[in-house]
Structure formats: C-alpha cells, structure tokens
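All of the numbers you see were taken from the coordinates with simple rules; none came from a lab. What you see is a predicted model; the values in this text were computed from it and never measured. No Cβ is skipped: glycine too gets one built from the backbone with ideal geometry, and neighbour counts run over all protein chains shown.
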C-alpha cells in the first residue's frame, strides 16, 4: 500500500511539474537607470567621460547607463542578418563591455581602467 502511494505521488509530481514550469513568471519591475547629462547624439567619448565622472561621484547606476549608451554609439558595423546575433569584435565595443562587467561586479577601479583604455581606443579610431 505504501509503495503504491509513493508511486502515485511520484507519477503525479512528474505529470504536474511540466505544467507548473510552463506558467509565466510574474514580470519583474523595470528599473530606470539615471540618465547621464550628455546629449543623446553625443559620441562614445562623451558617454565614457560621463561614466568616469559618475563613478567618481559614486553614481553607479548613471555610470552603467552612460557605458551602455557609449557601447550603443560604438556599435557601427555592417553584418549579414544571419550573423546579427553574434557579439561585435570591435575593440572599442569589447573594452566598453569589459567596463560594464567590472562595474556590475562592483570593481570600480577596474571599470575606470577599462574606461581609460576605451577612451584611448576611441581616440585612435578613424572617424
């Protein structure tokens, strides 16, 4: 009798688990990061400078937003649609992504160092 109950419980769990896994999770609240005080159409360098200043002032959210915008401005590439999902191999984009990752990990000094390298790389790229 006991084995029969256990088997039924296991069978029921196996049948119910997939249905439970398919239920949509509640939407997470969208967090709006503070916007850097930079013109929307500014160059990546302007956003990198804003990120540097925000980190120095302890405004990590604003710095992250500035880095995201710098990365967006730096993404200037032409690729086949089938390869659009692949990460960019542009050095500037990769360094900015590194700065974002370091900042997300709480490594402010590492983020500042990456921002310095990104600024130097951006200055050397052809316009």
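For the reader, a short list of remarks on this structure follows.
- In percent, rounded to a whole number, the relative contact order of segment 44-124 is 32, using alpha-carbon pairs under 8 Å and six or more apart.
- Additional length obtainable on full extension of the chain from residue 72 to residue 107, 0.36 nm per residue less Cα span: 10.4 nm
- Relative packing of 101-110, 81-90, which averages over residues the other C-beta atoms within 10 Å, highest first: 101-110, 81-90
- Computed from the Cβ-Cβ distance with R0 of 35 Å, the FRET efficiency linking residue 80 to residue 56 stands at 0.30.
- Projected onto its three principal axes, the C-alpha set of segment 44-124 covers 41, 26, 17 Å, listed from the longest axis down.
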